[in-house]
Amino acid sequence: MTRSNTFRTLEEFEDFETQPGWKPGAEPGIDPLKPDGGQESVPNLQADCQITVVDFSQDDLQVHELDNNQLIEFVKQPQPSWVKCRWINVNGLSWDVIQALGQYKNLHRLAIEDIMNSRNRPKADWYTNHAFIILTCQKLVRLLEDDSSDDESDDDVRSVRSVRSNKSHSSVRSAARKFRRWVTRKKVEHPTAAAILESGTQPQHSRSPSFKHQATGFSDTFNPNTLCTLQRYHASWNSARTEYMEKHSALASRGLAVMVEQVAMFITSDNTVIAFFEQSADDVERPILDRLSSPATILRQSCDASMVAQAIIDAIIDMAIPVTWCYADVLGDLELDVLTHPTIQHTKNLYIIITEINKIFNLFNPIQTLVNALRDHKTKLSQEAATKELQNPLRGVIISPMTYTYLGDVYDHCLLITEDLKSTKESANHMIDLIFNTIATYQNENMKQLTIVTILFLPMTFLTGYFGQNFQDFGAIQGSVNTFWYIAIPVAIATVLVILRETIYESLVRFFQRRHIIGIRRKREKKMAEAKRRRSQPPKTKSF
């Protein structure tokens, strides 16, 4: 018998691959100089991208809004001489755009492969003419249910009614919906991004939940069909678990979700920044453009690509702060329920919260190492000398002393978020312990009460059985029923005193100790009140 009969190597990887055409031993990287990327098949990654090119110096600023084809033609033109720094911000991933920018700045093939593969860890790679940065963007989005999904007949009727009757009818329908939900004990289930992904169709605007931008940390979206929730980002191959965890997410009951995406960024040696986002480029682009529009800002005055990269990383990290706040708020509401009426269901909710916080922490914690890696590559030049060498390709990628300083502030934000996540996770674990301890205490107290009742009726049960025997000559049962109570009551009292003697003694000791403590507190309060009264009295004056 040979080993070839006991096992066979799996050669079909379609069910396990994360990239189309991937297989063990394939050529690493994707070459942007070749139409097919140097792979067996052309990369199948096409999307209509929103591309913003920002050219600026200390005295001038120009912003170009381009699509895929316009970018390909734009990068073929020479860069104007007045431009000190260029920022190319790409919203969406498409092979033609990636290939054009790869050829434009001679980006490394391994970095190109990492852009197209979303299962990467946060890191910073250093190549000859550019630095490559990958990190995860986590943001909070709100799912809003559109109320315009009523019947057309109802819309026609409401259109001819007055404003008052319209409001009254709407309030009645709203109350009816709330009553049905209360009777059925069902929560409002908001359609998730996973459901949109699985359906494969664009939902109607009148019936689909929409993602609305909120000024306080909530984000709008670019394409709802390609959103990736926290549960689906780097998820296992067990789709049933992923769907369950997404449906029962800690934020689902509030109509909220955490969206996660990979962000890739290049800092080139000629003072250019190229950033690739899957969805959230606008969320990062708006505040940075506001800063660049003012000539007095540090970002505009520095004309430093590393400072632009620092601003992008800082914005991405700041978008994660509302996520930690929201989980802390959800845990606070759950804590009130646990303190008032703990149930086993609360432990399930807490487990889901801990699972989600663990994933957020695992995605966010490596960003601290990324920031430290950028700070470790600080140039040895002074700030003035580094500013003069920013556009010199022979100097390589320069992390200026100013960028080093501001990356320290970014690192502080990372520490703040990770510490909040750790604190929230520890609170959730402690609440699980509290639930089981509280439930166990309740059960012990119930058993204690049942034991006391059993001890109290134990002698009566014995006497009842004794007097209920069928003796022919038993004079005690011939008389009054009072005879039974004359015997049962003293026996019951004696039994309770004997069996519960230690409990009764400890109760008396606690009673007198408590009484003594209360007496001491009253004396202290009386002395404090007397001293306060004396201080409030005006001083007596002597008359001569």
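The values are calculated or read from the model by the stated rules, or taken from the named source; none is laboratory data. Since the structure is predicted, the reported quantities are computational estimates derived from the model, not experimental observations. Cβ coordinates were reconstructed from backbone atoms using ideal geometry, including for glycine residues, and neighbour counts include every protein chain displayed. Just the protein is used for accessible areas: all its heavy atoms, side chains included, with ligands, DNA and RNA removed. Shrake-Rupley method; radii C 1.70, N 1.55, O 1.52, S 1.80 Å.
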### Message
Let me spell it out: the conditions are (1) surrounded by 21 or more Cβ atoms within 10 Å (Cβ to Cβ); (2) aliphatic (A, V, I, L, M); (3) at pLDDT 90 or above; (4) in a strand (DSSP E or B), and Val141 meets all of them except one. Which number is the exception?
### Response
(3)
### Message
Can you say whether Asn69 is assigned to a helix (DSSP H, G or I) and open to solvent by 30 Å² or more (accessible area, probe 1.4 Å), as far as the supplied structure shows?
### Response
yes
#### Entry: Hey, Val53 among the aliphatic types (A, V, I, L, M), in contact (Cβ under 8 Å) with a residue 24 or more places away in the chain, surrounded by 12 or more Cβ atoms within 10 Å (Cβ to Cβ) and within 19 Å of Ile312 (Cα to Cα) or not
yes
### Query
Of all residues in the range 392-425 being within 15 Å of the chain's Cα centre (by Cα) and either open to solvent by 70 Å² or more (accessible area, probe 1.4 Å) or of a type in the set (Lys, Arg) (or both), which is farthest from Met307 (Cα to Cα)?
Lys425
### Task
Could you tell me whether Ile274 is buried (at least 23 other Cβ atoms within 10 Å of the Cβ), over 24 Å from the mean Cα position of the chain (by Cα) and over 30 Å from Val330 (Cβ atoms)?
yes
### Task
Determine, yes or no, whether Leu289 is in a helix (DSSP H, G or I), within 27 Å of Leu107 (Cβ to Cβ) and either touching a strand residue (DSSP E or B) at 6+ places or on another chain (Cβ under 7 Å) or open to solvent by 10 Å² or more (accessible area, probe 1.4 Å) (or both).
yes
### Task
Tell me, please, whether a residue that is within 21 Å of Met319 (Cβ to Cβ), in contact with a strand residue (DSSP E or B) (Cβ under 7 Å, 6 or more places away or on another chain) and either part of a loop (DSSP other than H, G, I, E, B) or modelled with pLDDT of 85 or more (or both) can be found in the range 193-202.
no
### Message
Against the definition (surrounded by 13 or more Cβ atoms within 10 Å (Cβ to Cβ) and at pLDDT below 90), how does Phe471 come out, yes or no?
### Response
no
### Query
Being more than 17 Å from Asn89 (Cβ to Cβ), part of a helix (DSSP H, G or I), open to solvent by less than 60 Å² (accessible area, probe 1.4 Å) and at pLDDT below 90, is that true of even one residue in the range 223-236?
yes
#### Entry: Qualifying residue in the range 364-383 (condition: modelled with pLDDT under 95, assigned to a loop (DSSP other than H, G, I, E, B) and of a type in the set (D, E, K, R))
yes
### Query
Which residues, counting only those in the range 313-335, are among the hydrophobic types (A, V, I, L, M, F, W, C) and under 10 Å from the mean Cα position of the chain (by Cα)?
Ala320, Ile321, Val323, Trp325, Cys326, Ala328
### Message
Yes or no: the range 339-346 includes at least one residue that is open to solvent by 10 Å² or more (accessible area, probe 1.4 Å), closer than 23 Å to Pro122 by Cβ and in contact (Cβ under 8 Å) with a residue 24 or more places away in the chain.
### Response
no
### Task
All but one of (1) open to solvent by less than 30 Å² (accessible area, probe 1.4 Å); (2) of a type outside the set (Asp, Glu); (3) assigned to a helix (DSSP H, G or I) hold for Thr387, so report the exception by its number.
(1)
### Query
Does the range 17-38 contain at least one residue that is modelled with pLDDT of 80 or more, over 33 Å from the mean Cα position of the chain (by Cα) and of a type in the set (Gly, Ala, Ser)?
no
### Query
Considering only the range 72-92, how many residues are in a loop (DSSP other than H, G, I, E, B) and surrounded by 21 or more Cβ atoms within 10 Å (Cβ to Cβ)?
1
### Message
I'd like to verify a number: residues in the range 111-121 that are open to solvent by less than 70 Å² (accessible area, probe 1.4 Å) and either more than 28 Å from the chain's Cα centre (by Cα) or of a type outside the set (S, T, N, Q) (or both), how many?
### Response
6
### Task
Evaluate the following for Ala311: is it crowded, with 21+ Cβ neighbours inside 10 Å, in contact with a Lys or Arg (Cβ under 8 Å, 6 or more places away or on another chain) and closer than 29 Å to Tyr104 by Cα?
yes
